[in-house]
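This report concerns only the one structure given below.
The values are calculated or read from the model by the stated rules, or taken from the named source; none is laboratory data. If you're wondering where the values come from, they're calculated on a predicted model, not measured in any experiment. As a convention, Cβ positions derive from the backbone with ideal geometry for all residues, glycine included, and neighbour counts pool all protein chains shown. These area figures cover heavy atoms from the full protein model, side chains too; ligands, DNA and RNA do not enter into them. Shrake-Rupley method; radii C 1.70, N 1.55, O 1.52, S 1.80 Å.
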Amino acid sequence: MKGLQGKRVLITGASSGIGAGMAKVLAGYGCKLVLHYNANQAGIEQTLQTVTDLGAKAKVVRCDFADLDSLEVFFEEAWQQFGALDALVNNAGIVTKSTALKDSGARQFNRTLAINLQAPYLLSTAFAKHCIAAKQGGRIVNNSSIHGQATCEWFSAYAASKAGLDAISKVQAVEWGQHGINVNVLAPGVVPVERTNHILHKPEMAEKWTSAMPTGRYGTVEEMGEATAYLISDLTAWMTGQVITIDGGLIARGNYPRR
Ligand SMILES: NC(=O)c1ccc[n+]([C@@H]2O[C@H](COP(=O)([O-])OP(=O)(O)OC[C@H]3O[C@@H](n4cnc5c(N)ncnc54)[C@H](OP(=O)(O)O)[C@@H]3O)[C@@H](O)[C@H]2O)c1
């Protein structure tokens, strides 16, 4: 894809799942990667090995996004790894399931909003400030979810965080378009990852989910990586403030399985 060779990209949450898939795909397109993780050291070492084997230059940075006060220092460290960044992929997130009736003191709600919404908001703001100071443009891709648009029981915190991310992305796109900074959203459907493989590949679960999708199958982390590559490539230089839903047609059919 045009314009990816040598692009310096920070991917948050690159130690497993979709983030690791994004890293692999972007490495294949010749990007230089700053790979973030929080707790999964073995995972980030695996991602680093994979992208290095593909010939990519890559660095690793660590941060717990629940500690919002640490984000400024973290971002500065990430920016400096290759002298600057051309793109930020806000992928890290937690999938929380709870009902309000059981979430005492809204602790889970607040933690979900901190990691999934406030952290990307603050990181994108830090990225924009650096880009503006350096008089350069930039690309931001926020990994949201179909839950930002259509959701179901248990997901009030998660859905709120993702709907909020969709909304913030549009506002930031409007605010920063004048500086050449594009902000778009990737909204994946059901993509099996290490965290969910054991559930989603049970025959009854696979049947329930894939039969709800017109395409009849789950998505892959590589497909999310390709979409991310597209959103930071030259092909989308005039695209900003958009939510790109990639879900095998699940929410278009409007037939969310009962959990
Ligand atoms: N898989 C799906 O079906 C799906 C669908 C729609 C949207 N998404 C979104 O895709 C993103 C990646 O999720 P995934 O499915 O690939 O799951 P995953 O494999 O569990 O990846 C989550 C990533 O987020 C990082 N993370 C978790 N807590 C963190 C914290 N406190 N501070 C900083 N980083 C933290 C993890 O880092 P460590 O493990 O190193 O702590 C990990 O790298 C999430 O935003 C999720 O909402 C996933």
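Principal-axis analysis of the Cα atoms of the chain puts helix 156-176 at an angle of about 30° to the longest axis. Loop exposure criterion: GluC sites (Glu not before Pro), DSSP state outside H, G, I, E and B, at most 15 other Cβ atoms within 10 Å. Applied to the chain, the longest stretch between such sites is 1-152. If only the Cβ of Lys and Arg carry +1 and only the Cβ of Asp and Glu carry -1, the dipole of the chain around its Cα centre is close to 260 debye. Compared with the dominant principal axis of the Cα atoms in the chain, helix 221-232 is inclined by about 40°. Helix 119-133 and the long axis of the chain differ in direction by around 20°, with both axes built from C-alpha atoms. For region 26-133, a/c is not less than 1.5, where a ≥ b ≥ c are the root eigenvalues of the C-alpha gyration tensor, and a/b does not top b/c. That puts it in the oblate class.
Could you check how much of the accessible area of region 7-164 is carbon and sulfur, as a whole percent, using a 1.4 Å probe? Carbon and sulfur atoms account for 51 percent of the accessible area of region 7-164.
Dimensions of region 8-245 from C-alpha coordinates, computed as largest minus smallest value along each principal axis and given longest first, are 51, 41, 35 Å.
Using a cutoff of 8 angstrom between alpha carbon atoms and counting only pairs six or more residues apart, the relative contact order for the chain works out to 22 percent. Region 79-150 and region 1-45 have their alpha-carbon centroids 16 Å apart.
Between residue 149 and residue 57, take the C-beta separation as r, use R0 = 30 Å, and let me know the FRET efficiency to the nearest 0.05. After rounding, the FRET efficiency stands at 0.25. Say the cut-off is 19 Å between C-alpha atoms; which of 24/129; 2/32; 59/135; 97/162; 24/59; 2/24 go over it? Pairs exceeding the cut-off: 24/129; 59/135.
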